[in-house]
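Encoded as structure tokens, the structure appears first; notes follow it.
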Amino acid sequence: MKPWYQKAVFYHIYPLGLLGAPKTNHETSAACRFDELLQWIPHIRDLGCTALYIGPVFESTGHGYDTRDLRLVDRRLGTNEDFTNFVDQCHEHGIRVAVDAVFNHTGREFPAFRDIQEKREASPYKDWYRGINFGWGSPMGDSFGYEAWQGHYELPCLNLQNPAVREYLMDTVKFWIDTFHIDGLRLDCANVLDFAFMKELRSRTASMKEDFWLMGEVIHGDYSRWANPEMLHSVTNYELHKGLWSGHNDHNYFEIAHTMRRLQGLCHDTRLYTFSDNHDVERLPNKLRNKAHIRHIAILVYTLWGIPSIYYGSEFGIEGKKEWGSDWPLRPCLELDKFRDDLTTNPVTSVYAALGRLKAEYPALSWGEVKELQLTTQCYAFARVLDGKALVAVFNNGDGPAEIEFQLPVEANTATDLLADTVGAENVMTSLASGRMKVQLPSNYATVLRLD
């Protein structure tokens with residue numbers, strides 16, 4: 001049986017933002033915000049998502065990545081028992097759960113760091129952090145120096161080459177699996193994590209839980225250095241993410257097609273984590289010159305080779321733009337009740353839900369070979385082919401109608417528009433003859449065709 005993550009569709013939640021938690025943690029007792037999050041589970045399922053990436057969820061001071069306690073759920077969200085119940089409820093709805101694992105650094109209130117502040121050279125944790133130097137003081141007023149993530153001294157870097165640190169983190173993952181029943185991790189800052197540590201994590205988690213999934217946050221570089229049989233199962237596909245919006249703004253499908261060819265050459269069958277936006281980047285409506293292209297990008301995320309994901313709120317087409325260097329506008333508080341009618345009235349929501357159904361119904365979208373059929377700056381067509389059957393994704397990013405013609409990837413007599421019933425759908429004309437196919441697309445339009 002193939003691993004669950006190879007055919008998964010992820011929903012991504014930044015819980016401190018979605019649930020409107022205080023931006024700074026001054027709480028003395030646990031809140032009850034997981035009760036509110038439970039109502040999102042049916043919504044996630046109705047979109048066709050089969051997995052959830054949620055994080056950060058553990059006790060921190062501010063944005064969640066400045067961890068205080070890796071084995072305590074952030075009290076701004078709820079208790080350990082609340083989170084266990086939430087994960088169990090997800091499982092009952094057929095949704096796997098992966099959490100943020102912040103292993104590159106901690107916050108300054110993490111117990112090991114505070115012990116060094118108090119005891120200096122006498123602390124048993126003095127080798128838990130990188131670059132500890134008692135000969136100078138940090139910019140934060142400490143009587144010692146240390147390495148910090150990208151110069152942010154509120155985030156001191158852990159020494160992952162220290163066996164005691166590695167064992168503590170491995171035990172923490174086992175605690176998460178045993179206590180919260182999670183199914184995977186998203187490794188924060190995986191691009192700077194120690195490779196030996198990630199190899200050990202892969203080996204250890206494989207024995208802790210069958211088909212446990214490891215995905216890393218990596219922006220630039222050869223993704224196969226991180227995503228391979230010895231280390232991580234997947235990494236964030238930032239390279240494609242950039243091409244998805246700029247390829248449409250520049251009317252240049254060559255950028256997207258070239259990116260996919262390059263990544264296939266590097267990563268082969270590895271499925272990269274594909275997204276249009278997330279908690280660190282501005283949302284599509286704020287980056288696209290033509291918002292009609294949100295439909296195109298959603299289709300690309302679901303039909304290209306990879307693991308598709310939706311960042312909460314993107315299925316409603318909401319906006320989100322960084323302000324004064326702050327990421328909080330990208331992580332808004334949302335009330336699901338305000339979007340109850342979107343499935344039947346919002347074109348963005350409608351196409352996401354339809355793509356979720358297609359992903360579940362057609363194995364070709366998970367396992368099918370990708371065959372490029374047509375490529376110009378304005379038009380793009382490719383097929384997902386499996387067992388003599390094919391789905392064809394067709395795109396026109398131009399301001400006028402376009403006709404695409406290409407060789408059929410399989411024998412077929414007719415073509416069916418699988419997104420014809422989505423809100424705002426337009427008429428797509430097709431004709432098949434002599435092993436070739438013509439598709440007439442309206443301006444700024446895209447869809448998925450089934451060949452019969």
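The values are calculated or read from the model by the stated rules, or taken from the named source; none is laboratory data. The structure presented is a predicted model; accordingly, all values stated were derived computationally and were not measured. Here the Cβ is made from the backbone with ideal geometry for all residues, glycine too, and neighbour counts use every protein chain on show. Ligands, DNA and RNA are stripped out before the accessible areas are found, and what is left, the full protein with its side chains, is counted by its heavy atoms. Shrake-Rupley method; radii C 1.70, N 1.55, O 1.52, S 1.80 Å.
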Count of residues meeting criterion [within 17 Å of Asp69 (Cα to Cα), among the hydrophobic types (A, V, I, L, M, F, W, C) and either modelled with pLDDT under 95 or surrounded by fewer than 17 Cβ atoms within 10 Å (Cβ to Cβ) (or both)] in the range 117-169: 1
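Results for (1) closer than 22 Å to Thr179 by Cβ; (2) in contact with a Gly (Cβ under 9 Å, 6 or more places away or on another chain); (3) among the small types (Gly, Ala, Ser), shown as yes or no for each residue.
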{"position": "Tyr11", "(1), (2), (3)": "no, no, no"}
{"position": "Lys23", "(1), (2), (3)": "no, yes, no"}
{"position": "Leu47", "(1), (2), (3)": "no, yes, no"}
{"position": "Leu52", "(1), (2), (3)": "yes, no, no"}
{"position": "Gly55", "(1), (2), (3)": "yes, yes, yes"}
{"position": "Gly64", "(1), (2), (3)": "yes, yes, yes"}
{"position": "Arg68", "(1), (2), (3)": "yes, yes, no"}
{"position": "Asp74", "(1), (2), (3)": "yes, yes, no"}
Restricting the search to the range 7-57, which residues are basic (Lys, Arg) and part of a helix (DSSP H, G or I)? Lys7, Arg45
Every residue from the range 75-125 that is small (Gly, Ala, Ser) and in a helix (DSSP H, G or I): Ala112, Ala122
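Results for (1) of a type in the set (Val, Ile, Thr); (2) under 25 Å from Thr422 (Cα atoms), shown as yes or no for each residue.
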residue	(1), (2)
Thr270	yes, no
Ser276	no, yes
Lys291	no, yes
Ala298	no, yes
Leu304	no, yes
Gly325	no, no
In the range 340-397, which strands (runs of 3 or more DSSP E) lie fully inside it and hold 3 or more residues that are crowded, with 23+ Cβ neighbours inside 10 Å? 379-386, 389-396
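Run down Glu319, Glu403 and say which single residue is outside any loop (DSSP other than H, G, I, E, B), out of contact with any Cys (no Cβ under 7 Å at 6 or more places or on another chain) and charged (D, E, K, R).
Glu403
Here are some residues: Ile219, Ile177. Which one is over 30 Å from Glu81 (Cβ atoms), free of Cβ contacts under 8 Å to residues at least 40 places away in the same chain and surrounded by fewer than 21 Cβ atoms within 10 Å (Cβ to Cβ)?
Values: Ile177 fails: over 30 Å from Glu81 (Cβ atoms).
Matching residue, one of Ile219, Ile177: Ile219.
Would you please name the residue that is nearest to the chain's Cα centre (by Cα), looking only at residues in the range 433-442 that are open to solvent by 40 Å² or more (accessible area, probe 1.4 Å) and in contact (Cβ under 8 Å) with a residue 12 or more places away in the chain? Please lay out each step first, then the result.
Here is the first cut: in the range 433-442, the ones open to solvent by 40 Å² or more (accessible area, probe 1.4 Å) are 433-434, 436, 438, 440.
Subset that is in contact (Cβ under 8 Å) with a residue 12 or more places away in the chain: 436, 438, 440.
Values: Arg436: 37, Lys438: 35, Gln440: 33 Å.
So, considering only residues that are open to solvent by 40 Å² or more (accessible area, probe 1.4 Å) and in contact (Cβ under 8 Å) with a residue 12 or more places away in the chain, the one nearest to the chain's Cα centre (by Cα) is Gln440.
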Name every residue in the range 281-304 that is open to solvent by 10 Å² or more (accessible area, probe 1.4 Å), of a type in the set (D, E, K, R) and within 15 Å of the chain's Cα centre (by Cα), in order of residue number. Glu282
Suppose we keep only residues that are of a type in the set (A, V, I, L, M, F, W, C) and assigned to a strand (DSSP E or B) within the range 211-228. Which one would you say is farthest from the chain's Cα centre (by Cα)? Ala227
For the structure I just gave you, tell me whether Phe212 is more than 21 Å from Phe382 (Cα to Cα) and not aliphatic (A, V, I, L, M). yes
What is the residue count in the range 5-57 for residues that are β-branched (Val, Ile, Thr), under 19 Å from His93 (Cβ atoms) and open to solvent by 50 Å² or more (accessible area, probe 1.4 Å)? 1
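What residue, of Arg204, Arg283, is modelled with pLDDT of 95 or more, under 25 Å from Gly17 (Cβ atoms) and of a type in the set (Lys, Arg)?
Details: Arg204 fails: under 25 Å from Gly17 (Cβ atoms).
Going through Arg204, Arg283 in turn, just one is modelled with pLDDT of 95 or more, under 25 Å from Gly17 (Cβ atoms) and of a type in the set (Lys, Arg): Arg283.
Would you call Thr236 in contact with a Pro (Cβ under 6 Å, 6 or more places away or on another chain), free of Cβ contacts under 8 Å to residues at least 60 places away in the same chain, of a type in the set (Ser, Thr, Tyr) and on the phi < 0 side of the Ramachandran plot? Don't jump to the end; show me each part of the working.
Numbers: in contact with a Pro (Cβ under 6 Å, 6 or more places away or on another chain): no; free of Cβ contacts under 8 Å to residues at least 60 places away in the same chain: yes; of a type in the set (Ser, Thr, Tyr): yes; on the phi < 0 side of the Ramachandran plot: yes.
Considered against the rule, which asks whether it is in contact with a Pro (Cβ under 6 Å, 6 or more places away or on another chain), free of Cβ contacts under 8 Å to residues at least 60 places away in the same chain, of a type in the set (Ser, Thr, Tyr) and on the phi < 0 side of the Ramachandran plot, Thr236 comes out as no.
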Contact list, first residue from the range 186-198 and among the polar types (S, T, N, Q), second anywhere and in a loop (DSSP other than H, G, I, E, B), beta-carbon distance below 8 Å, six or more apart or interchain, is Asn191/Glu217; Asn191/Val218; Asn191/Ile219; Asn191/His220; Asn191/Gly221; Asn191/Trp226
Please enumerate the residues belonging to the range 163-193 that are touching a strand residue (DSSP E or B) at 6+ places or on another chain (Cβ under 9 Å), over 27 Å from Asp88 (Cα atoms) and either basic (Lys, Arg) or not in a helix (DSSP H, G or I) (or both). Cys189, Leu193
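For residues in the range 305-328 being of a type outside the set (Asp, Glu) and open to solvent by 40 Å² or more (accessible area, probe 1.4 Å), which is nearest to the chain's Cα centre (by Cα)?
For the range 305-328, the residue satisfying everything is Trp305.
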Any hit, the range 406-418, residues being surrounded by fewer than 18 Cβ atoms within 10 Å (Cβ to Cβ) and at positive phi: no
Kindly establish whether Ala292 is in contact with a strand residue (DSSP E or B) (Cβ under 8 Å, 6 or more places away or on another chain), of a type in the set (Gly, Ala, Ser), without any contact (Cβ under 8 Å) to a residue 60 or more places away in the chain and farther than 24 Å from Trp40 by Cβ. no
Scan the range 91-109 and report the pairs whose first residue is over 30 Å from Arg130 (Cα atoms) and whose second residue is among the hydrophobic types (A, V, I, L, M, F, W, C) and open to solvent by 10 Å² or more (accessible area, probe 1.4 Å), with Cβ atoms within less than 8 Å and a gap of 6+ or a chain change. Arg96/Trp4
